[in-house]
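Student: Please find one structure pasted underneath; my questions will follow.
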Amino acid sequence: MNTMTVNDFEAAKNPVQDYARSRTVSEVNVEEPFNVEEIFFSRTDTRGVIEAYNSVFVRVSGCSASELKGAPHKIIRHSHMPKGVFWVLWNGLQHGQSVGAYVKNKSKDGHYYWVFALVTPLEDGGYLSLRIKPTSPQLKLVEELYKDICKLEQEQNLSPEESAKVIAQRLADLGFPTYGAFQAHALHQEFEARRIAIGLPPFPDLTQSETLAVTSEKLRQELNNLTAEFQNAEILTANMKIFAAKLVVGRATINEIAKNYDLMLKDIQNHLKTLAVPPVDRGLWDAPKELSAYFMICASHLVTEMCEFFDSEKHHSEGVDWEAEKHLLDQLRRSYDLKSEKAIEFGLQSAMAIQRRTDFLQRMVLGLSTVRIACRVEAGMLRDHAKGLETIVSRLDQFHDEIEAHLEKIKLYVATILHSVEHPD
Ligand SMILES: Cc1cc2nc3c(=O)[nH]c(=O)nc-3n(C[C@H](O)[C@H](O)[C@H](O)COP(=O)(O)O)c2cc1C
């Protein structure tokens with residue numbers, strides 16, 4: 001975990017040499033080209049001052065190696081970038097997080113180039129950034145989002161932190177409950193779009209972790225739906241009790257059935273608390289472990305590719321010790337692999353726990369169903385003495401059909417997860 005202090009953070013915002021301010025080149029709406037296969041590399045100290053870089057960074061930024069070395073990373077800052085995005089970036093790094101973000105940068109000529117950056121704290125201090133060309137349709141969405149946010153920042157004079165809150169809210173509206181969830185999705189989208197553009201075959205571990213993440217999310221939703229269904233069912237027993245109170249014949253029996261049904265329903269509701277996780281207000285970086293796993297796996301592949309790319313780069317930038325940089329990358333890859341393995345193990349363990357609890361739940365539902373059948377039999381016997389009971393019974397039947405359908409889906413999702421973990425290919 002990185003140990004950057006608040007002072008370091010302040011220093012990063014006020015670097016000794018303010019290169020960005022001294023650069024007066026105006027921005028022009030011309031894209032600086034680079035290939036989809038290429039990866040940018042840079043490593044900074046804890047203030048964001050560049051210590052190492054690769055030839056792609058030198059070429060595309062238009063800065064010479066000596067201009068980059070010792071310069072703050074904001075040397076390439078583009079005015080179309082919301083302040084809030086950089087607040088998110090530094091906030092993540094301060095929390096020891098790897099941060100994935102879309103960044104529009106400015107070359108020395110004032111041209112622009114978009115990257116998807118994966119920025120990571122290093123164990124021994126400082127940060128490392130790998131950047132790829134974003135090619136997924138998501139970039140368009142992000143461009144629009146950034147435009148809106150920059151406008152808001154200006155109009156409402158938002159602080160970077162306030163702007164970051166607006167960004168988080170906008171992402172939540174788009175279906176990403178936290179920035180952590182968004183970055184996992186974004187890195188995966190970009191990684192896959194790039195893989196297809198380059199013509200590489202799919203990575204089996206990525207396919208596995210995608211199945212795990214997507215199915216775990218569906219499973220969570222289904223468990224929440226089931227919980228909601230059981231909560232709504234309380235009205236059924238309430239209606240049954242009201243109905244029983246009006247009866248002349250069979251009052252005690254129907255009342256007893258309603259009471260039993262109610263008790264069993266409450267037991268099931270309690271059991272469900274061990275299964276379903278109610279949605280909570282999660283911090284910026286919170287994301288389900290299974291989702292983080294595929295973020296880590298993409299990151300690990302990217303790091304591996306970066307090492308290979310170093311070897312293939314024809315003109316290594318002067319003043320950079322490649323072996324030392326590769327060693328750092330290797331450490332980073334190992335830590336991504338370890339974290340993703342742990343996350344997948346967690347996904348497997350939770351699916352197995354859900355499987356056991358769902359089996360138990362199914363037995364409880366069977367018990368509940370017996371009471372429902374008793375109610376149906378009673379309705380048949382009471383006939384004209386209990387007009388209207390048929391409607392209650394058919395609502396109970398409908399409720400049980402819905403429960404069965406939810407349980408079937410839950411079992412299917414659990415089986416999919418177990419299969420994907422046990423048979424990764
Ligand atoms: C490893 C690392 C990589 C970074 N990469 C970029 C980048 O590509 N473009 C950029 O504008 N800022 C980048 N930053 C963030 C800058 O340090 C800075 O926070 C940002 O440009 C905003 O500067 P400002 O708040 O002074 O305007 C990076 C920071 C770190 C630590």
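Student: How about the stretch 95-112: which of its residues are at pLDDT below 95 and within 11 Å of the ligand (Cβ to nearest atom)?
Tutor: Selection gives nothing.
Student: Okay, next question. Would you pick out the residues in the stretch 91-110 that are within 17 Å of Gly48 (Cβ to Cβ) and in a loop (DSSP other than H, G, I, E, B)?
Tutor: Answer for the stretch 91-110, where residues must be within 17 Å of Gly48 (Cβ to Cβ) and in a loop (DSSP other than H, G, I, E, B): His95, Gly96, Gln97, Ser98.
Student: Among residues belonging to the stretch 118-134 that are surrounded by fewer than 20 Cβ atoms within 10 Å (Cβ to Cβ) and either of a type in the set (A, V, I, L, M, F, W, C) or more than 12 Å from the ligand (Cβ to nearest atom) (or both), point out the one that is modelled with the lowest pLDDT.
Tutor: This residue is Asp124.
Student: Criterion first (touching a helix residue (DSSP H, G or I) at 6+ places or on another chain (Cβ under 8 Å) and either part of a strand (DSSP E or B) or within 13 Å of the ligand (Cβ to nearest atom) (or both)) does Val115 satisfy it? Steps first, please.
Tutor: Numbers: touching a helix residue (DSSP H, G or I) at 6+ places or on another chain (Cβ under 8 Å): no; either part of a strand (DSSP E or B) or within 13 Å of the ligand (Cβ to nearest atom) (or both): yes.
Taking the combined requirement at face value, the residue does not satisfy it.
Student: Could you pull out every one of the helices (runs of 4 or more DSSP H) wholly within the stretch 176-273 that has 2 or more residues that are assigned by TED's automatic domain parsing to the domain that holds Thr304? Working first, answer last.
Tutor: Numbers: elements: 179-198, 204-232, 234-246, 251-273.
Per the criteria, 204-232, 234-246, 251-273.
Student: Here is a further query. Does the stretch 75-88 hold any residues that are buried (at least 22 other Cβ atoms within 10 Å of the Cβ) and within 6 Å of the ligand (Cβ to nearest atom), and which are they?
Tutor: Let us first name the residues in the stretch 75-88 that are buried (at least 22 other Cβ atoms within 10 Å of the Cβ), namely 75-76, 82, 84-85, 88.
Selection gives Ile76 alone.
Student: Go through Ile344, Ile373 for me and flag whichever is within 37 Å of the chain's Cα centre (by Cα), more than 30 Å from Val60 (Cβ to Cβ) and of a type in the set (A, V, I, L, M, F, W, C). Let's see the steps before the verdict.
Tutor: On the way: Ile373 fails: within 37 Å of the chain's Cα centre (by Cα).
Going through Ile344, Ile373 in turn, the sole match is Ile344.
The values are calculated or read from the model by the stated rules, or taken from the named source; none is laboratory data. On a predicted model such as this, the values are computed, not experimentally measured, just so you know. All Cβ positions, glycine included, derive from the backbone under ideal geometry; neighbour counts span all protein chains shown.
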